[in-house]
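We did not get these values from a lab; they are worked out from the coordinates using the rules stated. Just so it is clear, the model here is predicted, and its values are computed rather than measured. Cβ: placed from backbone, ideal geometry, glycine included. Neighbour counts: every protein chain shown.
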Amino acid sequence: MPTTTRGRASRSDDGTAPRARRALADPLVARGVTVDGDYRTDTLNDNLAARLAPCAGAHVRGAFAAGAGGELKSVAGRRPKMHSAYSSAALAVSAFAPFIEAPWALSLAEIRCFDRVEFEARLPTGVRGTPPHLDLLAHHARGRVAVESKCTEYLDPKPARFSDAYRRLAQGMHPSWRAVYADLLREPECFKPLDAAQLVKHYWGLSNTRCRGSDVLLYVYWEPLDAGAHPAFAEHRRAVEAFAQRVDDPRCRFCALSYCALWQRWSRIPGLAGHVDSLLARYGVPIAETPGVPD
């Protein structure tokens with residue numbers, strides 16, 4: 001049976017989401033960066049753990065400018081979404097941009113020796129409309145690792161939605177993924193607060209574009225240092241675990257872990273300790289108190 005939280009109030013009602021967003025702006029303020037009322041910075045580099053090298057910056061800006069999310073566009077006088085202190089895309093760039101020029105140094109899902117990485121990768125599913133976009137797609141000799149990055153989005157969960165065009169794709173899915181899709185159609189808040197529908201669409205995109213080898217769909221999520229003091233994060237972890245137990249396509253393995261756990265693994269790899277220190281200085285914050293940014 002699917003996991004559900006029907007009848008449970010959204011965790012955003014308890015103030016966890018706004019506190020987390022404010023907390024993620026604190027390290028920026030501490031280093032002298034000005035943030036506006038939306039917790040957005042003037043430039044993308046201001047928002048990252050470290051400034052982008054010229055080659056990496058060109059890759060990142062080109063990838064996101066071509067994407068459908070409008071991450072780098074100013075809208076109605078507001079700074080771009082990717083300039084937000086709690087942007088999951090900026091979090092992914094902070095974490096993975098150094099590997100654009102050194103993909104062999106990247107370690108993901110117990111895989112090393114990547115050939116190349118790309119941000120905001122489009123994965124057409126075979127139906128009309130905007131295809132799924134992966135935050136990162138890392139290629140290696142035996143397949144790909146696709147990364148879906150999450151920052152605070154799961155603190156404001158939304159029900160699953162699929163267009164009718166997706167129904168015909170279900171017949172070609174692995175039975176375990178097809179069962180999850182069917183559950184989401186019947187009960188759109190299955191696996192809440194996890195955005196399981198997005199993961200299903202990413203799975204379809206990976207399956208439709210696979211040409212050799214096998215894939216890993218890796219879900220990486222941010223948590224504050226004091227996550228144990230806030231029930232919303234335990235609720236999210238339970239939903240992720242329930243989802244992971246349901247899907248088992250051997251050609252597209254699903255894995256999930258927190259950014260903190262990923263960075264702990266990286267800290268044991270020679271040459272990555274400095275990068276991890278920068279990431280923790282930018283994103284390793286508690287949310288119980290956020291003195292640096294006013295409400």
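Observations
- Amide H contacts of GLU148 (H built 1.01 Å from N, under 5 Å, at least 5 apart or other chain): LEU218, TYR219, VAL220
- Relative contact order for the chain: 22 percent, from Cα pairs under 8 Å spaced at least 6 residues apart, divided by residue count.
- Considering only ALA239, ALA261, PRO103, and ranking their Cα positions along the charge dipole of the chain that arises from unit charges at the beta-carbon of Lys, Arg, Asp and Glu, the one farthest toward the positive end is PRO103.
- For the chain, the 222 nm mean residue ellipticity estimated from helices alone, with every DSSP H stretch of n ≥ 4 adding -39500 (n - 2.57) and the total spread over all residues, rounds to -10500 deg cm²/dmol.
- Shown here for region 25-125: trypsin sites (Lys or Arg not before Pro) in loop regions (DSSP other than H, G, I, E, B) with at most 13 other Cβ atoms within 10 Å, namely ARG31, ARG51, LYS73, ARG112.
- Amide H partners (placed H, <5 Å) of LYS192, local residues excluded: THR5
- Exposed loop sites are taken as GluC sites (Glu not before Pro) in a DSSP loop (any state but H, G, I, E or B) with at most 15 other beta carbon atoms within 10 Å; the longest stretch of the chain without one runs 111-288.
- Applying 0.36 nm per residue to the separation of ALA273 and ALA66 and subtracting their alpha-carbon distance, the gain on full extension is 71.3 nm.
- Choice from LEU48, LEU194, LEU262 with maximal GNM fluctuation in the chain (Cα, 10 Å cutoff): LEU262
- Under the combined filter of DSSP loop state and at most 15 neighbouring Cβ atoms within 10 Å, region 148-209 retains these trypsin sites (Lys or Arg not before Pro): ARG161.
- Annotation for LEU257 and ASP14: the two label points, set 7 Å from Cα along the Cα-Cβ direction, are 2.7 nm apart.
- Comparing ARG19, ARG282, ARG212 in a Gaussian network model of the chain, where Cα atoms under 10 Å apart are tied by springs, the biggest mean-square fluctuation is seen for ARG212.
- Answer label, with log10 I(q)/I(0) by the Debye sum over Cα atoms at q = 0.07, 0.08, 0.12 Å⁻¹ calculated from the coordinates and candidates (1) -0.55, -0.67, -0.99; (2) -0.30, -0.39, -0.85; (3) -0.25, -0.33, -0.79: (3)
- Charge dipole of region 56-124 about the Cα centre (unit charges at C-beta), most positive-ward option of GLY70, CYS113, VAL93: GLY70
- Using a Förster distance of 45 Å, the FRET efficiency for GLN171-ARG116 (Cβ separation, nearest 0.05): 0.85
- With θ taken as phi - 60° and the Karplus curve 6.51 cos²θ - 1.76 cosθ + 1.60 applied, the whole-hertz 3J(HN,Hα) list for region 199-213 is 5, 4, 5, 5, 4, 4, x, 5, 5, 6, 10, 5, 10, 6, x Hz, x standing for glycine and proline.
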